[in-house]
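Taken together, the values in this text are just the output of simple stated rules run on the coordinates, not laboratory data. Quick caveat, the model's predicted, so the values are computed rather than measured. Cβ sites come from the backbone with ideal geometry, for glycine too, and all protein chains shown count toward neighbours.
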Amino acid sequence: MKLWRGRGDYLHVAQTLRALSDADRLLGLYKEGIQQVTEALEIYKWLGNTPGQAQSCQSLAWLLYDDRQLDAAEEAASRAINLLSDKNEQFMVCECHRILGNIYHSKGRAKKAIGHFEAALGIASPFNWHSQLFWTHYALAQLFFARQRFNDAHAHIERAKLHVVNNTQRLGRAMELEARFWYKQRRFQEAKSAALRGADVFEKLGDTVQLEACRATLRNIEAAMKKPMFSRR
């Protein structure tokens, strides 16, 4: 970034700042990421670069969402959609609808959340964008389970699995989520089976964070199965 600044190449400065903000989001450094992408957004505005502004707003929306600044995240995602009038930018529009679905779910506004998730599915389906389709069905499964619509929740997990393709990370996440659902429904045998399959995936991938999540769920399941109420059944 120092190199680009020294050359006066502010387009590459903005691109680097946005890349840094994405990295900081993955590291959980949300405040730093927000600061970086906000600076990138200002540079893109100064340059009159509309696609760059939209990408920055999208990155900002995710960071704000993860930092639980939901109103600001909603504003950033909506602004990104408004900037994306070009039909060639449908992937980003799809992503923004998915962000808004997550935001409204967190706000307890299920109807609006479902509307945005369905909009994301409507954009992604003709192009068969597996990543977008997987995570949108995954999010819908969480939403419906939270509302105790268990059949709908499990149906969306099954649809999510159709878009795993060759991505074993996504398969593991689907298994881990399914295990938690079965556990909360006290269907412990199904929960244990799903948790074991998820743990096996993450162990092979070397993903220690998700592996520990599966193991924690598995410990809860095994503890519940040892209780006398379960033993009598």
Inset, instruction - Could you pull out every one of the aspartates and glutamates with an alpha carbon less than 16 Å from that of Lys2, ignoring same-chain neighbours closer than 8 positions? - result: Glu39
Inset, instruction - Calculate how steeply helix 10-26 sits against the longest principal axis of the alpha-carbon atoms of the chain, using the helix alpha-carbon long axis, and give the answer as 0 to 90 degrees to the nearest 10. - result: 20 degrees
Legend entry - Top of Phe127, Phe91, Phe150 by mean-square fluctuation, Gaussian network on the chain, Cα under 10 Å: Phe127
Legend entry - Partner aspartates and glutamates for Lys192 [C-alpha distance under 19 Å; skip if fewer than 8 residues away on the same chain]: Glu158, Glu176, Glu178, Asp200, Glu203, Glu212, Glu222
Legend entry - For segment 140-233, size of Cβ-based charge dipole, Lys and Arg +1, Asp and Glu -1, in debye: 480 debye
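Cβ neighbours within 10 Å, averaged per peptide: list 106-112, 160-166, 197-203, 177-183 in order, most packed at the top.
Going from most to least packed, we get 177-183, 197-203, 160-166, 106-112.
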Inset, instruction - Counting only C-alpha contacts under 8 Å and six or more residues apart, can you give the relative contact order of segment 1-85 as a whole percent? - result: 24 percent
Inset, instruction - Please name whichever of Leu100, Asn151, Pro126 sits farthest to the positive end of the charge dipole of segment 86-163, dipole taken about the Cα centre and charges placed at Cβ: Lys and Arg +1, Asp and Glu -1. - result: Asn151
Legend entry - Directionally averaged shadow of the chain, computed from the convex hull of its alpha-carbon atoms, nm²: 14.5 nm²
Legend entry - segment 37-55-segment 59-109 distance, computed between alpha-carbon centres (Å): 16 Å
Legend entry - Out-of-range pairs (alpha-carbon distance over 31 Å; input Lys184/Lys204; Lys45/Lys161; Lys161/Lys184; Lys31/Lys161; Lys107/Lys184): Lys45/Lys161; Lys31/Lys161
Legend entry - Rounded if a/c under 1.5, otherwise prolate or oblate - segment 86-163, Cα gyration tensor axes: oblate
